[in-house]
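I have placed the structure first, in the form of structure tokens, so that the comments after it can refer back to it.
The values are calculated or read from the model by the stated rules, or taken from the named source; none is laboratory data. As the structure is a computational prediction, the values presented were derived from the model and not from experiment. Here the Cβ is made from the backbone with ideal geometry for all residues, glycine too, and neighbour counts use every protein chain on show. Ligands, DNA and RNA are stripped out before the accessible areas are found, and what is left, the full protein with its side chains, is counted by its heavy atoms. Shrake-Rupley method; radii C 1.70, N 1.55, O 1.52, S 1.80 Å.
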There are 4 protein chains.
Amino acid sequence: MSHNTFGHLFRVTTWGESHGIALGCVVDGCPPGISFTEAEIQAYLDKRKPGQSKYTTQRREPDQVKVLSGFMLQDDGVTMISTGTPISMMIENTDQRSKDYGDIARQYRPGHADYTYDVKYGIRDYRGGGRSSARETAARVAAGAIARKVVPGLVVRGALVGMGIHTIDRDRWDWDEVDNNPFFTPDPGSVDLFAGYLDGIRKAGSSIGAVVEIVAENVPAGLGAPVYGKLDQDIASYLMSINAVKGVEIGDGFEAAKLSGEENADQMRMDNHGKPIFLSNHAGGILGGISSGAPVVARFAVKPTSSILTPRQSIDADGKQVDVMTKGRHDPCVGIRAVPIGEAMVACAIADHYLRHRGQTGRI
Amino acid sequence: MSHNTFGHLFRVTTWGESHGIALGCVVDGCPPGISFTEAEIQAYLDKRKPGQSKYTTQRREPDQVKVLSGFMLQDDGVTMISTGTPISMMIENTDQRSKDYGDIARQYRPGHADYTYDVKYGIRDYRGGGRSSARETAARVAAGAIARKVVPGLVVRGALVGMGIHTIDRDRWDWDEVDNNPFFTPDPGSVDLFAGYLDGIRKAGSSIGAVVEIVAENVPAGLGAPVYGKLDQDIASYLMSINAVKGVEIGDGFEAAKLSGEENADQMRMDNHGKPIFLSNHAGGILGGISSGAPVVARFAVKPTSSILTPRQSIDADGKQVDVMTKGRHDPCVGIRAVPIGEAMVACAIADHYLRHRGQTGRI
Amino acid sequence: MSHNTFGHLFRVTTWGESHGIALGCVVDGCPPGISFTEAEIQAYLDKRKPGQSKYTTQRREPDQVKVLSGFMLQDDGVTMISTGTPISMMIENTDQRSKDYGDIARQYRPGHADYTYDVKYGIRDYRGGGRSSARETAARVAAGAIARKVVPGLVVRGALVGMGIHTIDRDRWDWDEVDNNPFFTPDPGSVDLFAGYLDGIRKAGSSIGAVVEIVAENVPAGLGAPVYGKLDQDIASYLMSINAVKGVEIGDGFEAAKLSGEENADQMRMDNHGKPIFLSNHAGGILGGISSGAPVVARFAVKPTSSILTPRQSIDADGKQVDVMTKGRHDPCVGIRAVPIGEAMVACAIADHYLRHRGQTGRI
Amino acid sequence: MSHNTFGHLFRVTTWGESHGIALGCVVDGCPPGISFTEAEIQAYLDKRKPGQSKYTTQRREPDQVKVLSGFMLQDDGVTMISTGTPISMMIENTDQRSKDYGDIARQYRPGHADYTYDVKYGIRDYRGGGRSSARETAARVAAGAIARKVVPGLVVRGALVGMGIHTIDRDRWDWDEVDNNPFFTPDPGSVDLFAGYLDGIRKAGSSIGAVVEIVAENVPAGLGAPVYGKLDQDIASYLMSINAVKGVEIGDGFEAAKLSGEENADQMRMDNHGKPIFLSNHAGGILGGISSGAPVVARFAVKPTSSILTPRQSIDADGKQVDVMTKGRHDPCVGIRAVPIGEAMVACAIADHYLRHRGQTGRI
């Protein structure tokens, strides 16, 4: 896999920096005949877009996606049909305020990639974090909108299940609630809690981490492949590639380490229609790296935003010891906007494995 | 990336089934001029080898590795120097007892990959789990022995840090202890606890999960690449590809989700030799997907062995509902033997990124 | 390798159709610190650009390249320094006359990819050939401009050495002549011959094939790798990927089949500076897939433009038998404009192997 | 693509040196349910095997293939059914006479890869050419035997069509003749000519080049993909990767450069069964990189064996000027044994594209 590409048959290459001219992606390998509109893609981008509430960065980017290739426009002037050739999508940057970053061009912000980029490349685009900015994920979300269409019936949804020391009550889980609040929490009872908690953090110029859960339904059984083409492995890889992610779980994840074999076994029966079903889903829909037909469940931990107003000890490019404070505009909890990004990444992983499975086995 | 290959410049392709003739791997892209012996590789295999204590499966495999290509043998008759061409390694199977599995050839063991392999391929080698058996990981351990040599000074060590509901006391961490006990725990105070706990589980024909931690030291700063060639992403992918792994963490992992930005920031100073140092390591040695020079720390959760003596509800290949009990020979806690496997995978990921970084930047 | 990507460490992904909104490429893996300007890239695009003489298509595209990411602009406002992140380049289409193609949207032009695209995808962008148009190669030329900078001192030049039944006189080879005539021939004595010959073909609404030779100098010895990463293999692959190319040769190529071992052997001596030299170059600078330090020489055959004014028998998408005549605007000899494209592809192949060699061996 | 791997979904990784312990390959991505026997694979290896006539090297290797993984053995004890997991195949070396090479361990044989391997790696296995020996191709032939089974009905055949200054008379082409003579020529009238010609060359301790043609029939239309996944591009890449190959052609190849658009156009009609047919096949069955359903025709030029008995000027590893004469055992015309190798490579390329096409489009 390349530096800026993911996927094998459904391949996504992204490009662009936070404060550059534009950013975008090329989706290669999309099957022909898939119908989509720019408005559909835009809807996912809008979900990820900054400046939507006081809980996300105040940078105001329209994040308007433009599809440049890989489609035939239908007579209605909006429906695009994929032709099987690369789909190039671009989002222009409009609200860069690079001067916000001028004074830290040579200072290494703790928790940021400033130091490591400089060590690696000897040069970096420091404006807004450049390529290491979460702004790059807009391109992933656009790619995910296409990926969702590749697998018939696929539904991929995400939700915030924890913020800092607080977690949701899973018994109150309601998918319809997710888009009704600025936190993407599925638990209506948690909204006020998160609001108050995050308000305090935001006003203190601080930040906090979060946990996001992604559930994919209608994933055909059989996707994935031993031993290094496992579906869970690729989901882990895709999710860990999102900025600020420090942990990934499939199904019960780390809790599985505490279980006995009897507890962990997802027993099977035949349902009333003569179809195999699982009586539980500790495995998160994946056995031996291959989808079982049960919902695919993944979770990931997002660290707190590294940009905070409290000065931290650091060094600059000359090795001088400095105190760094990050002004700029930032999300107090980047985990919130990671929800649509996580959905997109899981959708892309499933789409890729769907095509790979069809290629090798012809069984779809 | 292919179905059975991992890595980009340091590429490993494994092959072989649990009860087939042999298993092995091809290591492609190893730099020339690296010195190794079969005995060195064997030492790592011996650490992973079954039948070493009553806490691991009683299958007795010598796991004798044979290096078939990619080296020039030195005059001492044991030292091999890599030539830059593919290093092929093979381990013959000797102690297959396939009859143990005969009665479950058509039954789907809960938690195993039996059902998903059948759905995917329509045919599978059911003997000992075939390709989905953890026996495949012997080949990875052999590859890891080579990988460790690729990066000068690299030290990769692993330890068991949790078993079921018990975790170690990190204040008693002693690397020297790890090889002194059958659990690879670094905490001398935990040995008796784990022994008693696992004895009970083993005698009950049950099994239990575990958590393993891998620490890589002397990793040069600058390895990894944005955005889909992140070092942490590849480590997550590699570790999640190990059988039974359900979660992966880098640095503080899921704990990071609970931290504030102030708590999570690894502050920097210059040390007495004028070198940048980090005052903490919440990040686990990786920032923006690129190594920082601090130790790389990863953890992974291993689910309990799915093979247990208690019957579980399942179905067979004809859709008939059956109760399945797995006789055979099994590890009550596969997480133990995952320690050397995890080490090998992290070593391979770092070796690959070392070569990639050198390739793109020439900075090593 | 993906459908629309080439290269391993120096990777190029292109996108866009002939009559779409735009076309472009993403160059991933370019080393950091490389200096370039849009004007430098434009110079190569201008060489390939249509409408430059009566011997190329009269479509008039400015082919203005815009670099969108992967660089830091220097204070002079024109010099760009690569940052090691993806370099995205875009060329907008301006002179599409899609109506020219309307009547053949469902007819299969002999020699074109119309039929095979329809069979493969069931849908295609028929306007100007869509993705199968040579217009796509503008993106490759832009990528090649960057590739040339990756290998210090590298010089890659191309020339037309044959047109239809005529070939140049190699004794008159003069690199300086190449840019002095509309055919890129290095033989001043061939200009009038080619002019008269092609005039006749053009006026008859016909077309003719050509042979192009590319020579790369200052290629370090050691690039390439056995067995499927051979430099000559990749050059063959890259050149054969150019539209209308039907044959590729390295060094003596097909003539080598007629030679004896004595004739074909490039003998070696030490030169006056104690450096190994070859006394001849039948091998075209590559032995065992690895560059020898001698100039790399490759040639490729370009078939005649398939668009001709004489009606040809064919079928349409409904299986009806039709006679097809291609109006539109076309090159009577596409081989001419293939010269800068061939240069770009060879430069990209060498750049990729340069980085790969450095990665694996650290010997550069 | 890696150094020693080819293919995307049907992937082949080869390993092993000429005079090492063994050589082999891992075929990854083979569809499940394919039936084969070791004897079938062996038949192709026997065709390539040395020591079959006085016209090939007198090294006598049984080249006995052993399949180590990736199959379930049927009750007949010989039929293997692929399981979709990696098929590992091994051929042990038995007749190494490394002492033949002892005196040239540090001398660079002109035309061989000795010098370039040393420059690249700083170390090489000089015995029998090591990894650069054509012996490696035995593994490819084994892989090709599997590949032929992947595409239903696929027939891939090869023939020698030229040796040195002599070419066959294509009007006498008879596929049945190919296996009746030691040259794989399809022209019965050329056998005596080639015999006498090659006898003279052999007795003089010299060698000669050859041209080989491969024809693949029953290739479904639609395989291949624009722009860098072209079927012809990959065939060119695969064939150029064979030792000593210096040129590759598709269809009319270099002759196409001499044709007019009218001459080169393969016109289409509907046949009596209402199926599209081509009235000629200048294109060699590939248009725009995608198979058209017409036979795929490729040709490649093989240079003369570099090992000859006449001393040639060269240098050694210390830069000393020496005269080199290659004793050992060699083919006077390596092009002969390249016939089954070329067949295998074309079969592998088609199998890979068959799976890729099925994956992306689901149209097979």
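Out of the residues in the stretch D:219-251 that are of a type in the set (V, I, T) and assigned to a loop (DSSP other than H, G, I, E, B), state the one that is nearest to the other protein chains (Cβ to nearest Cβ). Here the residue is D:V227. Only one of (1) assigned to a helix (DSSP H, G or I); (2) open to solvent by 10 Å² or more (accessible area, probe 1.4 Å) fails for A:G153. Which number is that? The failed condition is (1).
When A:A301, A:A257, A:A294 are checked against the criterion of being at the interface with chain B (Cβ under 7 Å from one of its Cβ atoms), without any contact (Cβ under 8 Å) to a residue 40 or more places away in the chain and either surrounded by fewer than 24 Cβ atoms within 10 Å (Cβ to Cβ) or in contact with a strand residue (DSSP E or B) (Cβ under 6 Å, 6 or more places away or on another chain) (or both), a single residue qualifies: A:A257.
All told, D:V12 falls short of being over 29 Å from A:G224 (Cβ atoms) and not small (G, A, S). Say whether the condition of being modelled with pLDDT of 95 or more and more than 21 Å from the chain's Cα centre (by Cα) is met by at least one residue in the stretch C:85-92. Looking for residues that are modelled with pLDDT of 95 or more and more than 21 Å from the chain's Cα centre (by Cα), one finds at least one in the stretch C:85-92, hence yes. Quick check: is even one residue across the stretch A:26-40 in contact (Cβ under 8 Å) with a residue 40 or more places away in the chain, out of contact with any helix residue (DSSP H, G or I) (no Cβ under 7 Å at 6 or more places or on another chain) and farther than 23 Å from A:K149 by Cβ? The answer is no; no qualifying residue exists. Being more than 7 Å from chain A (Cβ to nearest Cβ) and open to solvent by 20 Å² or more (accessible area, probe 1.4 Å) is a property that B:D271 has. Among the candidates B:A147, B:A134, B:A105, B:A142, the residue that is small (G, A, S), open to solvent by 10 Å² or more (accessible area, probe 1.4 Å) and within 25 Å of the chain's Cα centre (by Cα) is uniquely B:A134. Contact map, the stretch A:119-139: first residue in contact (Cβ under 8 Å) with a residue 60 or more places away in the chain and outside any helix (DSSP H, G or I), second residue of a type in the set (S, T, Y) and open to solvent by less than 20 Å² (accessible area, probe 1.4 Å), Cβ cut-off under 7 Å, separation 6 or more or different chains; pairs are A:D125/C:T83; A:S133/A:S18. Of the candidates B:L193, B:L198, the single residue that is out of contact with any helix residue (DSSP H, G or I) (no Cβ under 9 Å at 6 or more places or on another chain), of a type in the set (A, V, I, L, M, F, W, C) and part of a helix (DSSP H, G or I) is B:L193. Residues that are touching a strand residue (DSSP E or B) at 6+ places or on another chain (Cβ under 7 Å) and under 25 Å from C:G158 (Cα atoms) within the stretch C:32-65 comprise C:I34, C:S35, C:F36, C:T37, C:E38, C:I41, C:Q42, C:L45, C:D63, C:Q64, C:V65, listed in sequence order.
For C:K66, the conditions (1) of a type outside the set (V, I, T); (2) more than 14 Å from chain A (Cβ to nearest Cβ); (3) surrounded by fewer than 23 Cβ atoms within 10 Å (Cβ to Cβ) are fulfilled apart from (2).
When C:E263, C:E213 are checked against the criterion of being open to solvent by less than 10 Å² (accessible area, probe 1.4 Å) and not aliphatic (A, V, I, L, M), C:E213 stands alone in meeting it. What do you reckon, is A:R202 surrounded by 24 or more Cβ atoms within 10 Å (Cβ to Cβ) and within 13 Å of another protein chain (Cβ to nearest Cβ)? Judged against the criteria, A:R202 is not a match.
Scan the stretch A:102-143 for residues that are within 7 Å of chain B (Cβ to nearest Cβ) and within 16 Å of A:R337 (Cβ to Cβ) and the total you get is 2. Any residue that is surrounded by 23 or more Cβ atoms within 10 Å (Cβ to Cβ) and in a helix (DSSP H, G or I) - is there at least one of those in the stretch A:167-186? No: zero hits. Considering A:S280, A:S314, A:S306, the condition of being under 25 Å from A:R157 (Cα atoms) and either surrounded by fewer than 24 Cβ atoms within 10 Å (Cβ to Cβ) or in contact (Cβ under 8 Å) with a residue 40 or more places away in the chain (or both) is satisfied by A:S280 alone. Being in a helix (DSSP H, G or I), open to solvent by 10 Å² or more (accessible area, probe 1.4 Å) and within 17 Å of D:I341 (Cβ to Cβ) is a description that applies to D:D46. All conditions in (1) modelled with pLDDT of 95 or more; (2) within 19 Å of D:G7 (Cα to Cα) hold for D:G229, with the sole exception of (1). Only one of C:H3, C:H8 is closer than 23 Å to C:L154 by Cα, outside any strand (DSSP E or B) and facing chain A (nearest Cβ under 10 Å); which? After applying the criteria, what remains is C:H8.
Residues in the stretch A:164-186: is at least one modelled with pLDDT of 95 or more and within 8 Å of chain B (Cβ to nearest Cβ)? Yes. Condition first: over 30 Å from C:I81 (Cα atoms) and of a type outside the set (A, V, I, L, M, F, W, C). Can you find one or more residues in the stretch A:106-124 that meet it? Checked the stretch A:106-124: no residue is over 30 Å from C:I81 (Cα atoms) and of a type outside the set (A, V, I, L, M, F, W, C).
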